[in-house]
């Protein structure tokens, strides 16, 4: 099986071994070995939290540059909805799109229209999904479910994300205009590290619907400069964008755009894990839909954005007041329903399991519990693992040695009872 691409990378020479990334990683994917951080690829979900907390630029996002668009005759940008919230105040979306075009793009495609299409498809497809249905919008959480909650994969709605739908629609437009597939470069302007990994690992379509992902933070200064320099044009490029589509940017917005009454919106990986644990244990069966976001405040809290996420949410409310408009997609959904359904499978060969066969896994689980009972439970991190339980698992998996724990060396092994 092909190795999973991760957009979060470590620059070893920048790492000081300070342990902040290890402590803050919500899925315990980071260890400290020989005074340097090590990322366990089978655990990493590319949430970007290590980038957020590292003061030494040791953790970085591997992404496409603006130069990447030059390899295509037709250059299309699909900006994340969040980009409209990043300029400190309400700015006409058409004016922002004009600023994006000035970077060298031939067209900027409005993703809120695709959000409305996906909303309509989900409303019809949700009857085929076990309750509670789980949103597939956040790629970091989908990755978490694939590796750590494979039994919940059937709960993930089998619909492509608005980003993928938008890419398909705009590519189809240019193909129908006579351009070759290889002429068309479609780039997502992303707030999200996990989205970069998602597009790199995607097998959504053999044509490669999305050709790259560019961080909003990388182009922000250029956009701000254009907006400031051409402020006299701001009222000439008015464009209505769907307020229901805008709702996809923040927690609870998807559910409200679809009119669900019984839903849960949860952000932050630690909080999502608690909800997934409860679903796994049979709770929330009366809930129709669960929105799950790796970042605080949903996509508005993306690591590749600039503005404060809480201020961004304030700004998005201004768009509601200025853009009282929702795309009329209900009548065309049947046309797209089959085209935009997806299948999410467990990455079994990339999951962090003890063994391939059940008997060996049970033996290793018992050994892990035995070792865990010998440990002090203070999660000091001196062993290079984020917790005593993670250390016990690392030893069983052959990634650490019992001697790495100073508590065991100093007599901790005597406290097995």
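What follows draws every value from the coordinates through simple rules; no lab data is involved. Since we're looking at a predicted model, the values are computed, not measured.
For the options 78, 214, 11, a Gaussian network treatment of the chain with springs between C-alpha atoms closer than 10 Å singles out 11 as fluctuating the most. Considering only beta bridges that DSSP places wholly inside the chain, some 30 percent are antiparallel.
As I understand it, the value is the acute angle between the Cα axis of helix 216-229 and the longest principal axis of the Cα atoms of the chain; what does it come to in degrees, rounded to 10? Rounded to the nearest ten degrees, it is 30.
Kindly express, to the nearest 10 degrees and within the range 0 to 90, the angle between helix 309-322's C-alpha long axis and the longest C-alpha principal axis of the chain. Helix 309-322 sits at roughly 30 degrees to that axis. Highest mobility in the GNM of the chain, judged by mean-square fluctuation with C-alpha springs under 10 Å and restricted to 383, 299, 47, is found for 383. Between residue 370 and residue 11, the contour length at 0.36 nm per residue exceeds the Cα-Cα span by 125.6 nm.
Adding -39500 (n - 2.57) for every DSSP H run of four residues or longer, then dividing by how many residues the chain holds, sets the calculated 222 nm ellipticity at -10500 deg cm²/dmol.
With respect to the chain, whose longest principal axis is taken over its alpha-carbon atoms, helix 162-176 is tilted by about 40°.
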